[in-house]
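J.: First, the structure itself, so that you have it in front of you.
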Amino acid sequence: MESLYLLIPLSLVVLAIAVAIFFWAVNSGQYDDIDREGERILFDEDGQPQSTPTAADDDAQGEGRGD
Amino acid sequence: MAEQDCYHCGLPVPAGADYPVTIQGLARAMCCPGCQAVASAIVDGGLHRFYDFRSQLSATATTDQQQVLEHYDLAAVQADFVHRNEDGTLAADLFVGGITCAACAWLIERHLAKLPGVAVTVNVSSHRCRVSWQPDQVKLSTILQAFEDIGYRARPLGDEAAEQQRSRENKAWLLRLGLAGLSMMQAGHAAIGLYFGAYTGIDDEWVAMLRWVSLVLTIPVVCYSATPFYSAAWRSLKVGHLVMDVPVSLAIILAFVASVWATLTNTGEVYYDSVGMFAFLLLLARYLEMQVRHRNEHHTASLVQLIPPVAIRIGDDGEQAVPVKSLVPGDRILVASGETLPCDGTVVRGASEVVEAVLTGEQSPVAKHPGAAVSAGTVNLANPLEIRVAAIGVSTRLAAILNLVGAAEAVKPRRAAVADRIAGWFVAGVLLITAAVAATWYLIDPSRAFWISLSVLVVTCPCALSLATPTALAVATGELRKLGLLIRKGHVLETLAVVERVIFDKTGTLTQGRMRLGAVVPAAGIDGEEVLVRGAALERGAAHPIAHAFAAVTGQLPPVEQQQVVVGQGVSGIIAGEPHVLGKPELLARLAGGPVAEPPPGGRQWLALGNARGLLGWIEVKDELRPRAGQALAELTALGLQVELLSGDRPAAAATVATALGMAEWRGGAAPEDKLQRVQQLQAGGQRVLMVGDGINDVPVLSGADVSVAMGDAVDVTRLHADSLLVSGDLEALPAAVRIARRTETIIRQNLAWALGYNLLAIPLAAMGYVPPWAAAIGMSSSSLIVVVNALRLARTSRPGQRGGHPQLRPQLA
């Protein structure tokens, strides 16, 4: 049981670290746009041509917005 | 044709419309040329994956007249919102209209990245973006146009201060909430140890240790997370009110102080876990409330767009673009066709048609000749007008209408929140009882007086009472949001539950506010198709609302020469060498001679098409009813509400709509003041009124009604002054909202009854010293839990009958 004298203070230290990380995350703007970050991982950002029937569209990039 | 929804925006595709776009190898139907253009731009840009990513339908693209974007390239205009970075690039914060989900941010960033020297970051929650660009490579107007191409509208706002304030507030509450949550969980662990120890036996040294650990864990909650409750309580005490924050603060502080005392003296009982949980749940409710408020503010932030920022002043040295705020009465300005008037004034030269919907709600244009008075915010349709400025800014008629709002809100009937009404009595009662208990026990047994008075205070902890209302409101607000109804003001749910009469505006509310083509009655010797094609050719390129209806006509249009708008009458032009006219029968009679032709019967709006030899056919134009408007009205009536139509349009037009929807009560030709007066008269008669509208002429009445709903596509000022916003545009959300509001009221009553009943039972027991502290703590927690679970029932029971999403969309990520 004496191990509790070590483990409980240790848990407080871990908690303090968790709180510090949470504060840092909020203050550095990581929670500013919750609506978006939750879905970002679902969007392919690689820019590779997709193996879809519209691969030709990727070749035609730029034509649609000349103006 | 089978009923189909627009692939881009989800509106029904009108019969006969044909705007296909090939997306990933499949032809998709669009509802209008606007959506077609936007979808084509997205696909042509190689960004078709947007349609896979999005979780919400896009906003309907409009092809209406828009501001001249080049104005934003003027240094005088940019001075207000553009700042220069150290590396020489320019940066601006823009409000982006039309963002519906995270995929929109992806689309915008990908699309704008193709412009040279442009960087953009989009914030989906706040509907804002920060864009920076190299001034020597690209112009701001080009960037704004790139937004328009893919169906969004980006504009400077000038409210960065308010936005920063919101952002700070959000962070502060998030920190408080997160800290309270972490501490609550840890203190809960310690509490489990203590509770088990009380049953199975535990050494005193461990009890003391767990208590000290809990004490340390709870200090940040009491001293940091819960501080907003103390300051709100203090503010209310200073003005002599007792709001719910007062008992909340008392409970947190007293329970904590008692626990600290118990820990220090190693006596009594501790309540650290209860303090933490109580603070956390209340903070959670407040945080959700704040998020709803911010979301609404983001939705309605684009207030500035009513009048253009720039006008063309005609001076001695020619025409010059100047900021509108630098105009003075007496200046002459030039307003091109399709532009919005920046000021009040008189027409000096030119003849045109002006849509005064901003003042009257009526979409049909009014003819303006030299000498006629014109108002800021109205839209010049046909020809350029030269105008002598009479008033700008706050002295315009537009500003006068908006000023009515303040007056209307001042006399608006209000209901205080139930919980706050109870709070005053509750606090006073608890304090009196505690004092009496303390005095009595002091006489009986002074050594027990302190702990028994304390248990009375703790057992009456107003957790359940203070959670009863916010939890139910938070759940109901979320449910309404799923229906497409955003709540802007706190009283909406409470008032919706008790309204007796619903008043609708006509144009844009019950109807779609857009002209569409109806029946075609060709004359002998010509087919209907040909009549439509010639009509469309004559209207091509015109800015009139009727011309927009003809945009639905597809096919090869014959070329037209000498195309011309005849102010107040129609259009004329030469097709295949022959002069043609389209418009009022009188216009045709002037060209063809002879008597004025009689339109087909039925009181609808008909345009006559003809040439010098006489009538070629009649084309009906109509403003269609919103889909499901009839069902919505029937359901409202079934709920026991009276429905009424109150329109600024011609009485005949109001009558047509009222008859079509079977509404018994209707009035047409009502000015903004009349509308407000009508509602105030009903309120004087004791009725509670829900007003549904969309135009600026509805703003005063929306502010004056007990509760108001603005349509989602309403102009910004209207949305800003309504209590709630029907983003989906689906009127069937209204009866559903009334049902949810009534059920919310029931749940709140149940919660309050339970909380008060629990206290009535517990106080006497505690006062007599029969409640051991651990039982007080458990009673406190479980009574709160019951209230929360009861509120959650709202979400479960309102699931059936809600509006289905689009089949091709992923379920929305909450």
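The values are calculated or read from the model by the stated rules, or taken from the named source; none is laboratory data. Note that the structure is a prediction, hence the values are computed from the model and not measured. Every residue, glycine as well, gets a Cβ built from its backbone with ideal geometry; the counts of neighbours run over all protein chains shown. Keep in mind that these areas ignore ligands, DNA and RNA; they rest on the heavy atoms of the full protein, side chains included. Shrake-Rupley method; radii C 1.70, N 1.55, O 1.52, S 1.80 Å.
J.: Using the Cα gyration tensor of the protein assembly as shown, with a ≥ b ≥ c the square roots of its eigenvalues, what is the shape: rounded (a/c below 1.5), prolate (a/b larger than b/c) or oblate (neither)? Show your work: numbers first, answer last.
T.: Values: a/c = 2.37, a/b = 1.91, b/c = 1.24.
The shape class here is prolate.
J.: I'd like the residues of the range B:20-38 whose 1.4 Å-probe accessible area shrinks by no less than 50 Å² going from the isolated chain to the full set of protein chains.
T.: B:Gln24
J.: Shifting gears a bit: Counting Lys +1, Arg +1, Asp -1, Glu -1, what net charge surrounds B:Leu582 among other residues with beta carbon under 12 Å of its beta carbon?
T.: Net of charged neighbours comes to +2.
J.: What 222 nm value per residue comes from the helices of chain B, counting each DSSP H run with n ≥ 4 as -39,500 (n - 2.57) and dividing by all residues, nearest 500 deg cm²/dmol?
T.: Helices in chain B give a 222 nm mean residue ellipticity of -15000 deg cm²/dmol.
J.: Separate question: Could you check how much of the accessible area of the range B:516-623 is carbon and sulfur, as a whole percent, using a 1.4 Å probe?
T.: Details: 2710 of 5080 Å².
Carbon plus sulfur share of accessible area: 53 percent.
J.: List every residue whose amide H lies under 5 Å from the amide H of B:Glu339, counting only residues 5 or more places away in sequence or on a different chain, with H placed 1.01 Å from N in the peptide plane.
T.: Those qualifying (amide H under 5 Å, at least 5 residues apart or on another chain) are B:Asn380.
J.: So, one more: Exposed loop trypsin sites (Lys or Arg not before Pro) only (DSSP loop, at most 12 other Cβ atoms within 10 Å): please give the longest stretch of chain B free of them, not including the sites.
T.: B:1-413
J.: On full extension of the chain, what length is gained from B:Ala634 through B:Thr121, given 0.36 nm per residue of separation minus the C-alpha to C-alpha distance?
T.: Extra length from B:Ala634 to B:Thr121 when fully extended: 180.1 nm.
J.: What does the average come to when, for each residue of peptide B:98-104, you count the partner chain Cβ atoms lying within 10 Å of its Cβ?
T.: Details: counts 0, 2, 0, 3, 9, 4, 1.
Averaged over the peptide's residues, the number is 3.
J.: How much solvent-accessible surface does B:Asp713 expose, in Å² to the nearest 10, with a 1.4 Å probe and all protein chains in place?
T.: 110 Å²
J.: Placing unit charges on C-beta atoms (Lys and Arg positive, Asp and Glu negative, everything else neutral), compute the dipole magnitude of the protein assembly as shown about its Cα centre in debye, rounded to 20. List each step's numbers first, then the result.
T.: Values: 68 positive and 85 negative charges, 503 e Å.
Taking the Cα centre of the protein assembly as shown as origin, the dipole is about 2420 debye.
J.: Per residue, what accessible area does the range B:516-623 have, given a 1.4 Å probe and all protein chains present, in Å²?
T.: Per residue, the range B:516-623 has 47 Å² of solvent-accessible surface.
J.: If you add up the charges near B:Gln564, with Lys and Arg at +1 and Asp and Glu at -1, over every other residue whose beta carbon is less than 13 angstrom from its beta carbon, what do you get? Write out the running numbers ahead of the final one.
T.: Details: positive: B:Arg540; negative: B:Glu353, B:Glu539, B:Glu561.
Overall, the nearby charge balance is -2.
J.: Would you mind classifying the range B:516-623 by shape? Square roots of the alpha carbon gyration tensor eigenvalues, ordered a ≥ b ≥ c; an a/c under 1.5 is rounded, otherwise it is prolate if a/b is larger than b/c and oblate if not.
T.: In terms of gyration-tensor shape, rounded.
J.: Within 10 Å of each Cβ of A:26-36, how many other protein chain Cβ atoms are there on average?
T.: 6
J.: Here's a follow-up. On a C-alpha basis, how far is the centre of the range B:225-281 from the centre of the range B:663-716 in Å? Whole number, if you could?
T.: 44 Å
J.: Report the B-A buried area as the accessible area lost on both sides summed, probe 1.4 Å, in Å² to the nearest 100. The partial results should precede the final answer.
T.: Numbers: alone 35700 and 6500 Å², together 38530 Å².
Counting protein atoms only, the buried area is about 3700 Å².
J.: For B:Glu163, what accessible area in Å² do you get when you roll a 1.4 Å probe over the heavy atoms of the protein chains, rounding to the nearest 10?
T.: For B:Glu163, solvent-accessible area is about 40 Å².
J.: Just tell me how shielded B:181-190 is by partners: mean number of partner chain Cβ atoms within 10 Å of each residue's Cβ, no decimals.
T.: Averaged over the peptide's residues, the number is 2.
J.: State the percentage of accessible surface on the range B:54-165 attributable to carbon and sulfur atoms; use a 1.4 Å probe and exclude ligands, DNA and RNA.
T.: Within the range B:54-165, the accessible surface is 48 percent carbon and sulfur.
J.: Restricting to lysines 8 or more places apart or on different chains, can you count the pairs in chain B with Cα atoms under 30 Å from each other?
T.: 24
J.: With heavy atoms of protein chains only and a 1.4 Å probe, what residues of the range B:120-134 have at least 30 Å² less accessible area in the full set of chains than alone?
T.: Residues shielded by partner chains are B:Asn123, B:Val124, B:Ser125.
J.: Right, next: How do B:Tyr195, B:Tyr442, B:Tyr230 rank by accessible surface area computed with a 1.4 Å probe, from largest to smallest?
T.: The most accessible residue leads, giving B:Tyr442, B:Tyr195, B:Tyr230.
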